[in-house]
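Report on one structure; see the data block that follows.
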Amino acid sequence: MAREFIVPGRMITGSGALDMAETALGSLGKKAMIVTDQVMIQLGNCAKVETALKNQGVDYTIFAGITGEPTDVMIHTGLKQYQDEHCDFLVALGGGSPIDSMKAIGSLVVNGGSINDYMGKVIDVKMPPMAAIPTTAGTGSEATQFTIITNTEKDIKMLLKGQVLMPTLAIIDPQFTMTAPPKITAATGLDALCHAVEAYTSRKAQTMSDTFALSAVKRIFQYLPVAFHDGKNEEARVEMSVAALEAGIAFNNASVTLIHGMSRPIGALFHVAHGLSNAMLMKVCLSFALEGAYDRFATLGRAIGVAAAEDSDNAASEKFLEAVVALTKELETPTLEEYGIDKETFFGVIEKMAHDAMDSGSPQNTKRDITQSDVEKMYKELW
């Protein structure tokens, strides 16, 4: 069966990528809006992008209104600035939130309306050129046709999709990840692991996505602990940047499954960062998913060297799960309780979260058949 495989229009990766990308960046338009946050400005990362634009004679304005995970309110504020400043292309600098925000803003530039209008629809509108510069090795948003925006009226995270959301240019320069603190390194790295594992074990997996997913899983197990314990290790940062890109390309073409489906409602209602809520869910969700894809999880176990060729698929799968759990512990992933979420409040919204999770469609990509009651049970198992 024929399958389509989608990647960014152009990717420039490795140390010095921003310098190499200057000409490409300058060719996107005459005035950019840099979508970022205050942390990127304070760290001096935004100044580096400003210099690259200045070197090409490109004017710019900075929208640093992304405070946490993006909401519809932030998107419409950014859109107003883009229009008021007469910009003609977008540059996102930051983690998944600024990149997702850039995509959402871009989708409204020509078409107008509200970002909430696109819930449940495929976005297919004219877009301005977009450049994505990730500063964390995790979300993979620089290589996907997805954006996640919170609808503040309904208290839900909207998973929005459309090929037009794929950035025109992706610049993956590990210099920007060197400043990420250990907790961010851990959460974003485990997010990338979720992307790769879910892509590989998805009903929508294909040969090309498998290639990227397997490579990403191997890199992450080798280099994420190093980057966590020694943030100045350039080799680990470079390899994790590549792994996040590989994982992004993989899930962009094979989709995500149960973990992401259950993670979004936790983020929407309890404001847990996306990568962290994914990490909290990994043990419970993968324990459920094993039964439907022992062969796939076994391959992952053998790929990272925790399972032997002579192990049965069931045994190799269990060894992979044990390795995932050990990694989350090494990276000091908190439980919901340790994070400070009230149990009674959490249990009071389990039915809503399970409904919203299933409504997103992601859990149904899991190879094992799944129902809303299964999701409710897994939420309860987090305590």
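Before moving on, here are some points about what is shown:
- Summed over all non-identical Cα pairs, the Kirkwood treatment of segment 10-176 gives a radius of 15.5 Å.
- Local charge for Leu276 was computed over the other residues whose Cβ lies under 10 Å away, with Lys and Arg +1 and Asp and Glu -1, and equals 0.
- Size of the chain as Cα extents on the principal axes (Å, biggest first): 60, 46, 44
- Counting only Cα atoms, the size of segment 182-381 along its three principal axes is 44, 37, 28 Å, in decreasing order.
- Helix-only mean residue ellipticity at 222 nm for the chain, each DSSP H run of n ≥ 4 adding -39500 (n - 2.57), per residue, nearest 500: -17000 deg cm²/dmol
- Measuring between alpha carbons in the structure, the pairs from Lys31/Lys154; Lys126/Lys218; Lys80/Lys121; Lys30/Lys161 lying more than 26 angstrom apart are Lys31/Lys154; Lys126/Lys218; Lys30/Lys161.
- Formal net charge of residues neighbouring Met11 (Cβ-Cβ distance under 14 Å; K, R +1; D, E -1): -2
- Pairwise centroid distance, computed over Cα atoms, of segment 133-166 with segment 38-87, Å: 17 Å
- Per-residue packing, averaged as other Cβ atoms within 10 Å, sorts the ranges 176-185, 374-383 into the order 176-185, 374-383, beginning with the highest.
- Normalising the average separation of contacting C-alpha pairs (under 8 angstrom, six or more residues apart) by the number of residues puts the relative contact order of segment 10-176 at 28 percent.
- Choice from Gly189, Gly340, Gly231 with maximal GNM fluctuation in the chain (Cα, 10 Å cutoff): Gly340
- Tail weight of P(r) past 14 Å, computed on alpha-carbon pairs of segment 249-318, percent: 65 percent
- Highest-first arrangement of 343-349, 235-241, 58-64, 323-329, where packing means the average Cβ count within 10 Å: 235-241, 58-64, 323-329, 343-349
Coordinate-derived values only; no laboratory data. The model shown is predicted, which means the values in this text are computed figures rather than measured ones. Cβ sites come from the backbone with ideal geometry, for glycine too, and all protein chains shown count toward neighbours.
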